[in-house]
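Input: a single structure, listed below in structure tokens.
The values are calculated or read from the model by the stated rules, or taken from the named source; none is laboratory data. A quick note: this is a predicted structure, and the numbers were derived from the prediction, not measured. Note that we place each Cβ from the backbone using ideal geometry, even for glycine, and neighbour counts take in every protein chain shown.
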Amino acid sequence: MYKVAIVGAGVGGSYLSYLLARNGVDTIIFDFRAPHEKLCAGGITYKATAKFPVLEELPCPRKVVWKSAIISPQDRMVTIDLSKPLTIFNRIDLDSALLRKAQESGAHFRKERVRSFALEGDRWRIFTESGEYRADILVGADGALSRTRKKLQSPLEKGEYFFAVECFLRVQRDFVAFKFYPDLEGYLWAFPRVDSLAVGIVAKECTREKYSDVKEKLLSFVEAHYPTQKKGIAIRGAYIPFFSAEDPQDQSICSKNWALIGDAARFVDPISGEGMYYAIYSAEILAACIKEDQVPLYQGLCRKHFGRNLLKASQGFDYIYQTGFIEAMAALAGKSTAIRQIISEMIVGNIDYLTWKRRLRKKLVRIVADFMLNADFATKKEVMTNFVSLRYPR
Ligand SMILES: Cc1cc2nc3c(=O)[nH]c(=O)nc-3n(C[C@H](O)[C@H](O)[C@H](O)COP(=O)(O)OP(=O)(O)OC[C@H]3O[C@@H](n4cnc5c(N)ncnc54)[C@H](O)[C@@H]3O)c2cc1C
């Protein structure tokens, strides 16, 4: 009999089991394949390493980068020095290190798939392929296609996921790159890891045609930049749930004896696809609620700490992904140090969606002066036309 049973030992589940075990809570965590190389770019923002120093302290390899390249829909390239570093992990290294930490703190790990569960009185009966376990509290940390969510809440529908494709190249790089396309609500990334370069695309709308179009875009990028790598390339795909402004307010992610964290709770930034920070953050909030015997407070606390930012991201998605906006920002960035600083702060997570417009307004005079002095007539005209054509969110 355990106090807490966690389904899924990804970043969220393992971090939660570490925090609980450290507080003396009897915890068991299940995962049939952990630790494994989950399909992921592996990028952790500075915002995440600063808030959760455990990520810095983990004894595992990582790549730290200080430079970024942005390629606009019209192939305008800007390089940006980052004010703080981005850290990139192989997921198997990160997930293994977190799970090891949890086990060293006293959490029990079973490499088993949870097949079903049922409430009997006040206790959960949890069934895996090898046995039956009992616990007071059940946590779904089982990722994008969470079956725990499906049973306790409602399954995610097709339109509630982004999809992503990714491949790994045998190439060493020292900067991250983001490429945008005129006909894609999403972006391509190239993230250097210790042993490879992760190149992938995340996109809205998962239709069959879109999927082949996105795969084609990925292959063209590899061909253009790393032609020797195209032969035998293995492309894999995965879903990314996203936090949506259309979520009903009362869509519950907890009750008195169960909760969902990370991807299972849809805690992913819809603009950037960043999910690990929110998986870890939601784990921290839930651990505090469990410690105080206040699991029902968990959802409200998530909303208070990071929900408003995710909501803002969700409301701003259509605006940001307008071709004109990205093109104009890239053109401005090419001519203005102030705008490059703001973009740098956004990439590393030091500016959130609630405050970026305020930061932009503060530097507006400098940005306009930089631009008027440095840009030629054609670029000035293009940027003005792009801004005028933007559809502003209501
Ligand atoms: C291509 C791609 C690129 C991404 N890049 C980034 C990035 O650079 N930075 C970032 O922050 N986020 C990124 N994300 C998002 C990020 O991967 C997720 O948000 C994050 O992993 C969520 O963590 P989690 O612990 O909630 O779930 P996961 O890490 O998905 O872990 C869930 C675990 O549950 C286990 N599980 C599932 N069902 C069961 C079961 N029935 N029984 C037992 N175990 C089960 C799985 O095996 C898995 O190990 C990316 C996602 C994708 C798809």
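Scan the range 1-17 for residues that are more than 6 Å from the ligand (Cβ to nearest atom) and not in a helix (DSSP H, G or I) and the total you get is 6. Here W66 passes the criteria (1) more than 9 Å from the ligand (Cβ to nearest atom); (2) in a loop (DSSP other than H, G, I, E, B) except the one numbered (2). Would you confirm, using the coordinates I've provided, whether E37 is in the same structural domain as S105 (by TED's automatic domain parsing) and assigned to a loop (DSSP other than H, G, I, E, B)? Considered against the rule, which asks whether it is in the same structural domain as S105 (by TED's automatic domain parsing) and assigned to a loop (DSSP other than H, G, I, E, B), E37 comes out as yes.
Restricting attention to the range 23-45 and to residues that are away from the ligand (no atom under 12 Å from the Cβ) and on the phi < 0 side of the Ramachandran plot, the residue that is surrounded by the fewest Cβ atoms within 10 Å (Cβ to Cβ) turns out to be N23. One residue stands out among those in the range 187-205 that are at pLDDT below 95 and buried (at least 17 other Cβ atoms within 10 Å of the Cβ): the one that is nearest to the ligand (Cβ to nearest atom), which is A203. Take the residues of the range 63-97 that are surrounded by fewer than 20 Cβ atoms within 10 Å (Cβ to Cβ) and among the basic types (K, R): which is farthest from the chain's Cα centre (by Cα)? Among them, the one singled out is R76. Return yes or no: is S154 touching a Phe, Trp or Tyr at 6+ places or on another chain (Cβ under 7 Å) and either assigned to a loop (DSSP other than H, G, I, E, B) or among the hydroxyl-bearing types (S, T, Y) (or both)? It is false that S154 is touching a Phe, Trp or Tyr at 6+ places or on another chain (Cβ under 7 Å) and either assigned to a loop (DSSP other than H, G, I, E, B) or among the hydroxyl-bearing types (S, T, Y) (or both).
The number of residues in the range 333-354 that are over 17 Å from the mean Cα position of the chain (by Cα) and of a type in the set (A, V, I, L, M) comes to 6. Filtered by the rule that a residue be surrounded by fewer than 19 Cβ atoms within 10 Å (Cβ to Cβ) and modelled with pLDDT of 90 or more, the range 308-324 gives R308, N309, L311, K312. Does L20 satisfy being away from the ligand (no atom under 13 Å from the Cβ), of a type outside the set (V, I, T) and buried (at least 23 other Cβ atoms within 10 Å of the Cβ)? Considered against the rule, which asks whether it is away from the ligand (no atom under 13 Å from the Cβ), of a type outside the set (V, I, T) and buried (at least 23 other Cβ atoms within 10 Å of the Cβ), L20 comes out as yes.
Kindly establish whether S255 is more than 28 Å from A50 (Cα to Cα) and touching a helix residue (DSSP H, G or I) at 6+ places or on another chain (Cβ under 7 Å). Reasoning before the result, please.
Details: more than 28 Å from A50 (Cα to Cα): yes; touching a helix residue (DSSP H, G or I) at 6+ places or on another chain (Cβ under 7 Å): yes.
Taking the combined requirement at face value, the residue satisfies it.
Considering each residue of the range 133-140 in turn, none proves to be among the acidic types (D, E) and out of contact with any Lys or Arg (no Cβ under 7 Å at 6 or more places or on another chain). Scanning the range 128-151 for residues that are assigned to a loop (DSSP other than H, G, I, E, B) and more than 10 Å from the ligand (Cβ to nearest atom) turns up S130, G131.
Here is a yes/no grid of residues against (1) basic (K, R); (2) modelled with pLDDT of 95 or more:
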| position | (1), (2) |
| --- | --- |
| K101 | yes, yes |
| A118 | no, yes |
| S130 | no, no |
| A135 | no, yes |
| D142 | no, yes |
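Of the numbered criteria (1) within 15 Å of the ligand (Cβ to nearest atom); (2) over 12 Å from F168 (Cα atoms); (3) of a type in the set (A, V, I, L, M), the one A224 fails is (1). Do you know which of the residues in the range 112-161 that are hydroxyl-bearing (S, T, Y) and farther than 16 Å from F30 by Cβ is surrounded by the most Cβ atoms within 10 Å (Cβ to Cβ)? Taking the candidates together, the pick is Y161.
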